[in-house]
Amino acid sequence: MPATLVWFRLDLRLHDNPALAAAAERGDVVPLFIWAPGEEGEWPPGAASRWWLHQSLRSLEASLKRRGLTLVFRRGASLGALRGLLRECGADAVFWNRRVEPALRERDDAVRLALLSAGVRVETFNGSTLLEPERVANRSGKPYQVFTPFWSSCLSAMPDFAPLPVPRLRAAPKASAAPPLGLGELKLEPAVDWAGGLRKAWRPGEAGAAKMLARFVGRPLADYETGRDLPAVAGTSRLSPYLHFGEISPRQVWAACSGRRTPAARAFLRQLGWREFAHHLLQHFPHTASEPLRARFAHFPWRHDPRLFRAWRRGRTGFPIVDAGMRELWATGWMHNRARMIAGSLLVKDLLSPWTEGARWFWDTLVDADLANNTLGWQWVAGCGADAAPYFRIFNPALQAGKFDPGGEYAARWIPELGTAEYPDPVVSHAEAAERALSAYASLRKG
């Protein structure tokens, strides 16, 4: 039986990998990764994502090597890379797990049709969500735009998951004739090393994902209902980057937690539901990565003030819980979700900056920058997306800090100069800024 190319993308794992399992069952396997950022449209991976991707690919490469397989690296046009490797290895099929990003769906459709027309067998699989995004619909057959009925529909259709084990892998005997391309030649890591904080905070790769899940299930899950909202406490799963890069599947996470029939476990699994919802929305409304779902918000009177935007990015707004979150992001590539909501609200409501500016900054700096999640999060806080917080719901940073960081531990951890003359005064008066935001919203409603 001729070999099968397994095209790895954001599914950088051996466990519960449908494309890999199907290829292994068929026969010999040639694992491949193609670096083609130019095919990702307006959203090629940001700097933090590229750093994580390098570490994750190194981990995957080592895992495959222990099983006698060599991960082939290519860069440039995906179709050309696939055609070349098919010839070199004598393979007759390409298997991959699907992605939801609009530019990549379009690319994948073109690649699939071109390969099929050349007589190549192509099979694609769902490896990134619990359910197929396009198969969940309301009673009218249309996509959901409100989370609660969406999640109820998902729960009613949720099967008993049995994540796939690592398959027995057999390398193709005919190696590629092309000179090998090393991981380092993809130049994913920064030329100037700024990633020390990321290395300290994270262990990318499938083994790191399994360890993070075990840590969460071991203790924080039991207190998730309360702990998840406290940025100073390690009360969340921190699985988001591992899920984004496919180092662990949502099915594996579901299987590890769903048996614990407690309110805390249900609350956490509901967060997996929001991830499903984000993918569902991007699948059906691909324009929302850069445009509001609620069309009238295209006419919102946003302002762009470079000075205020720079203060927000640097964690120098004078609002400690916001600044702590932005500095945590810069140092570790991650920010607690509660801090994300508060920082996002300050940007789009107090500062009246466009939500797209915040989305772009998060895209470049987050290690878990995921187009579906990022889009849903920013449109939620800006009030212009599906099931979004009303625009007139404006977070008061001081009240939020009093509720979720009452002892100031989170702020003190990330702002060493807090309480000294070096820390800036607030860049705006929250009360006055809230009035301006409400006036801007009122003008939109009249328009």
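Laboratory data are not the source of any read-out in this text; all were calculated from the coordinates shown. Quick caveat, the model's predicted, so the values are computed rather than measured. Here Cβ is always computed from backbone atoms with ideal geometry, including for glycine, and neighbour counts include all displayed protein chains.
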(message) With +1 on the Cβ of every Lys and Arg and -1 on the Cβ of every Asp and Glu, and nothing else charged, how large is the dipole of the chain about its Cα centre, in debye rounded to the nearest 20?
(response) 560
(request) Between VAL192, VAL136, VAL100, find the one with the highest GNM mean-square fluctuation for the chain; connect C-alpha pairs within less than 10 Å. (result) VAL192
(message) With a cap of 15 neighbouring Cβ atoms within 10 Å, and only residues DSSP puts in a loop, list the chymotrypsin sites (Phe, Trp or Tyr not before Pro) found in the range 172-220.
(response) TRP194
(request) Using a Förster distance of 41 angstrom, determine the FRET efficiency expected from the C-beta separation of GLU40 and ARG215, and round it to 0.05. (result) 0.80
(message) Which entries of LYS187/LYS349; LYS174/LYS211; LYS65/LYS187 have Cα-Cα distances beyond 30 Å here?
(response) LYS187/LYS349; LYS174/LYS211
(request) Would you please name the trypsin sites (Lys or Arg not before Pro) within the range 334-441 that are DSSP coil residues with at most 12 other C-beta atoms within 10 Å of their C-beta? (result) ARG393
(request) Evaluate 2.2 N^0.38 Å with N set to the residue count of the range 17-69, then give the Cα radius of gyration divided by it. (result) 1.39
(message) Give the aspartates and glutamates whose C-alpha is closer than 16 Å to that of LYS403, dropping any in the same chain fewer than 8 places away, or say none.
(response) GLU225, ASP229
(message) Under the 0.36 nm per residue contour assumption, what length would be gained going from the current alpha-carbon distance of MET1 and GLU123 to full extension?
(response) 42.3 nm
(request) Sort LEU308, LEU351 so the one with the fewest other Cβ atoms within 10 Å of its own Cβ comes first. (result) LEU308, LEU351
(request) Neighbouring Cβ atoms within 10 Å as the yardstick, rank TYR242, TYR144 fewest first. (result) TYR144, TYR242
(message) Using a 10 angstrom Cβ neighbour count of at most 14 plus a DSSP loop assignment to flag exposed GluC sites (Glu not before Pro), which longest range of the chain is free of such sites?
(response) 43-416
(request) May I ask for the Kirkwood hydrodynamic radius of the chain, worked out over all distinct Cα pairs and given in angstroms to one decimal? (result) 23.2
(request) For the range 1-127, just the Cα set please: Rg and Dmax, both in angstrom. (result) 13.9, 41
(request) Would you mind working out the magnitude of the charge dipole of the range 1-127 relative to its Cα centre, with +1 at each Lys and Arg C-beta and -1 at each Asp and Glu C-beta, to the nearest 20 Debye? (result) 340
(message) Given the -39500 (n - 2.57) contribution per DSSP H run of 4+ residues, what per-residue ellipticity at 222 nm results for the chain, rounded to the nearest 500 deg cm²/dmol?
(response) -14500 deg cm²/dmol
(request) Quick one: check the C-alpha center-to-center distance for the range 91-167 versus the range 179-256, whole angstrom. (result) 23
(request) Equivalent ellipsoid semi-axes for the range 146-266, as square roots of 5 times the alpha carbon gyration tensor eigenvalues: give them largest first, rounded to whole Å. (result) 33, 23, 14
